[in-house]
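One structure below.
The values are calculated or read from the model by the stated rules, or taken from the named source; none is laboratory data. Only a predicted model underlies this, so the values are computations on that prediction, with no experimental measurement involved. All Cβ positions, even for glycine, are placed from backbone atoms using ideal geometry, and neighbour counts span all protein chains on display.
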Amino acid sequence: NAEDLLEQDIHPTAIIKGFNQASRQARAEIDNVAREVDPTDTDLLRNVAETSMTGKGAELNKDVLAQLVVDAVQAVTVEAEDGESIVDLEYVNIETQTGRSASESELLNGAVIDKEPAHADMPTSVEDADVLLIDEPIEVEETEADASIQLDSPDQLQQFLDKEEEELREKVETIAASGADVVFCQKGIDDLAEHFLAQEGILAASRVKKTDLGFLKEVTGATILSELETLEADHLGTADVTFDDDDELFYVEGLGESHGVTLLLRGSTDHVVDELERGIGDALDVVSQTVSDGRVLAGGGAVEVEVARRVRDYADSVSGREQLAVEAFADALELVPRVLAENAGLDSIDTLVDLRAAHDEGDETAGLNVFTGDIVDTYDAGVVESAHAKSQALSSATEAANLVLKIDDIISAGDLSTDKGEEGQGGPGGAPGGMGGMGGGMGGMM
């Protein structure tokens, strides 16, 4: 739309000024038409999640997945002193697993660790366990410098091995003395140490990812140790720990005041779970923003048509050429319902005319039902969007358009395959080395 105005010899500065005025007015109108939402209104939040998933891989199972998203957000929502709801998505972890249906995805109160017990003789389930998190290896300490040892007899070799065994046994005894029942280690665990841990009845897992260890800290309330010598009972956390042989996963359910949840997304193939993860990630962001902001809008193109109508009314009060830019901004807003109609196989012009007529009659939530082609109250139909996300989108789009309008000249590359004998000849615009200037303001951009 800005290009059309430039062809009418309207200066980019006037267009930028008009776009900024229209953007401010549009965001103000979004505030006016937005509706308050209760953070505990599960049905409405589920509608927000389902709307976000529409058009993505998660759409086929959005009924199940939307509920999981809402439950996850509500599980990590706390109320501040001023009464506002705060959502911390750092306490929501997403894990994926292939080989099962997406409808079997689940929300777990705690962490899911994709590891196996370090030793076959270790227990696989410990209730009310004291959990140790450590990021140093449970192995024989290596010397800082390379060293060679010359042995004169088999007895000396045995003494050397006995010393290593004693060192590993001391490490395991330190762990056992602290009262730890479960150990998650970021580094490796020596085979002999695994054997000693199994003898003590301690469940252990090695090579746990750093991110998983950090999440376990939030779930269990434990402290991540870097030196085993400093281990005390206060450093341990508490949780119910179970290893599932079928899924080959550890389930760690936190106890006490700790909080953290895991969305376990299942799908038939890696491609399916990747698509699910993308859709769920977007839905989590939108729902959490809705809970924090506390406002929603009617979707299906309803808010765009309503805001466009109000911005056009505002344009009448704008003087100068900026008025044309404000009207162009309003026209751009209506691209959303037009594209919705085209994607649904409908006539975009007829649909837009019907939408405008409904809004002129005062129906602020009239939007497009893409399945039937009818104009309906999309808010009642459950097509709901986040007011904060919509406002942010308008702001970002305006900044992007204005950034392009501020470009004064464009430099284009010439023929880079020019023979050496032709070096030094001017390019398309007369610039040396095959580089030419195209420009003269925005009019030079195509």
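Some values worked out for this structure:
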item: Hey, GLY260 over 30 Å from TYR379 (Cβ atoms), at pLDDT below 90 and not assigned by TED's automatic domain parsing to the domain that holds VAL126 or not; result: yes
item: Which listed residue is in the same structural domain as GLU361 (by TED's automatic domain parsing) and of a type in the set (A, V, I, L, M), from ALA302, ALA233; result: ALA302
item: Among the candidates SER52, SER23, residue that is under 28 Å from the mean Cα position of the chain (by Cα), at pLDDT below 90 and either surrounded by 14 or more Cβ atoms within 10 Å (Cβ to Cβ) or among the hydrophobic types (A, V, I, L, M, F, W, C) (or both); result: SER52
item: The stretch 291-305, subset modelled with pLDDT of 90 or more and assigned to a helix (DSSP H, G or I), residue surrounded by the fewest Cβ atoms within 10 Å (Cβ to Cβ); result: GLU304
item: Sole residue being in the same structural domain as ALA397 (by TED's automatic domain parsing), surrounded by fewer than 17 Cβ atoms within 10 Å (Cβ to Cβ) and either assigned to a helix (DSSP H, G or I) or at negative phi (or both), chosen from GLU342, GLU364; result: GLU342
item: ALA330 being of a type in the set (Gly, Ala, Ser), in contact with a Lys or Arg (Cβ under 9 Å, 6 or more places away or on another chain) and within 24 Å of ALA393 (Cα to Cα); result: yes
item: Subset of the stretch 74-105 [closer than 15 Å to GLY279 by Cα and either in a helix (DSSP H, G or I) or modelled with pLDDT under 85 (or both)]; result: ALA102, SER103
item: Failed criterion for ASP331 (all others in (1) surrounded by fewer than 21 Cβ atoms within 10 Å (Cβ to Cβ); (2) outside any helix (DSSP H, G or I); (3) under 33 Å from the mean Cα position of the chain (by Cα); (4) not aromatic (Phe, Trp, Tyr) hold); result: (2)
item: Scan of the stretch 13-49 for residues that are within 14 Å of THR290 (Cβ to Cβ), in a helix (DSSP H, G or I) and touching a residue at least 60 places away in the same chain (Cβ under 8 Å), ordered by number; result: ILE30, LEU44, LEU45, ASN47, VAL48, ALA49
item: Matching residues in the stretch 234-247 - criterion: being in a loop (DSSP other than H, G, I, E, B) and either over 16 Å from VAL126 (Cα atoms) or in contact with a His (Cβ under 6 Å, 6 or more places away or on another chain) (or both); result: ASP246, ASP247
item: Among residues of the stretch 127-176, those that are at pLDDT 85 or above, β-branched (Val, Ile, Thr) and more than 20 Å from ARG207 (Cβ to Cβ), counted; result: 1
item: Positions within the stretch 97-125 being of a type in the set (Val, Ile, Thr) and buried (at least 19 other Cβ atoms within 10 Å of the Cβ), in sequence order; result: VAL112, ILE113
item: Residue check for THR351: modelled with pLDDT under 90 and in contact with a helix residue (DSSP H, G or I) (Cβ under 7 Å, 6 or more places away or on another chain); result: no
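Residues checked against (1) surrounded by fewer than 21 Cβ atoms within 10 Å (Cβ to Cβ); (2) under 25 Å from ALA58 (Cα atoms); (3) out of contact with any Leu (no Cβ under 9 Å at 6 or more places or on another chain); (4) hydrophobic (A, V, I, L, M, F, W, C):
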{"position": "GLY237", "(1), (2), (3), (4)": "no, no, no, no"}
{"position": "GLY260", "(1), (2), (3), (4)": "no, yes, no, no"}
{"position": "ARG278", "(1), (2), (3), (4)": "yes, yes, yes, no"}
{"position": "ASP282", "(1), (2), (3), (4)": "yes, yes, yes, no"}
{"position": "VAL307", "(1), (2), (3), (4)": "no, no, no, yes"}
{"position": "SER319", "(1), (2), (3), (4)": "yes, no, yes, no"}
{"position": "VAL326", "(1), (2), (3), (4)": "no, no, yes, yes"}
